[in-house]
């Protein structure tokens, strides 16, 4: 078990939204212990705070979104991965657009901002769900699934098997024992990837109109367009990034082995729901430690600085 953490001071990130293309200013604000992660739209008058837990998740193709009282924030998975990976448990995220900035399509933009702000330890204990029962989510018509089983080493381990069916995205597997250091070393830099034909289809729907090959890894017939891979298995690593961000909607630490095969955001969110069904005692614990709707922003952030 560990103590909860928040950021030491405000951090600001700016850029362009991935899907909607809005200019975005995003502020990460310190929050009191047991606040949890929550989002607030400053461009919507009187917008309620939206806790970033599974109860507020809503369906959205190709991305993860949360909503409350008619206000939605979407494409939160990369920021959530940065917060979870660096073990920042309490933070209010304010933004003046429907989604965070895209950066280069990874979580590095957010990780850098969090590290620059600094992280402080608080007094309350961070709850942890230890997987004791197998939970599986799968597709009936496709070979896609994600499952959680008890850990053999007492860690939080993520594994992703990627089979994309593209000559320049070969079958690949990535795995990591999730810690702040392993997040920075192995996951944070991994970028969103998409096929050239998918880009055209999305643009025809009005999405991604301001994105370039510097915001996404776009794969054409000869490989990445105007870009280069950070690692040969960067695509599988990005899927780990998505899993980490989506699974953070459980609102506590996890201890167990999570193995995903060709799965997406929907599978990840459904696994969170299944884990809460198979570990029903955790729901009340999680709500107790994610009370953003009830709590004001912390005025005083105590304790010592940590890396």
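Computed from the coordinates by the stated procedures, all read-outs in this text should not be read as laboratory data. Just so we're clear, the structure is a prediction, and the values are computed from it rather than from any experiment. As a convention, Cβ positions derive from the backbone with ideal geometry for all residues, glycine included, and neighbour counts pool all protein chains shown.
Side notes on the structure shown:
- Extended-chain gain in nm, criterion 0.36 nm per residue less alpha-carbon gap, residue 212 and residue 45: 57.0 nm
- Length gained when the stretch residue 222-residue 152 is fully extended (0.36 nm per residue, less Cα-Cα span): 21.1 nm
- Spacing of the modelled spin labels on residue 139 and residue 173, each 7 Å from Cα toward Cβ, amounts to 2.1 nm.
- Förster radius 30 Å - calculated FRET efficiency between residue 10 and residue 288 (Cβ-Cβ, nearest 0.05): 0.70
- Helix-only arithmetic for the chain: the sum of -39500 (n - 2.57) across DSSP H runs with n ≥ 4, divided by the residue total, places the mean residue ellipticity at 222 nm at -6500 deg cm²/dmol.
- Estimated FRET transfer efficiency when R0 is 35 angstrom, pair residue 62-residue 1 (beta carbons, to 0.05): 0.45
- Among 121-131, 237-247, 178-188, the order from most to least packed when residues are scored by Cβ within 10 Å on average: 237-247, 178-188, 121-131
- Estimated FRET transfer efficiency when R0 is 30 angstrom, pair residue 163-residue 69 (beta carbons, to 0.05): 0.15
- From largest to smallest, the equivalent ellipsoid semi-axes obtained for the chain from the alpha-carbon gyration tensor read 28, 23, 18 Å.
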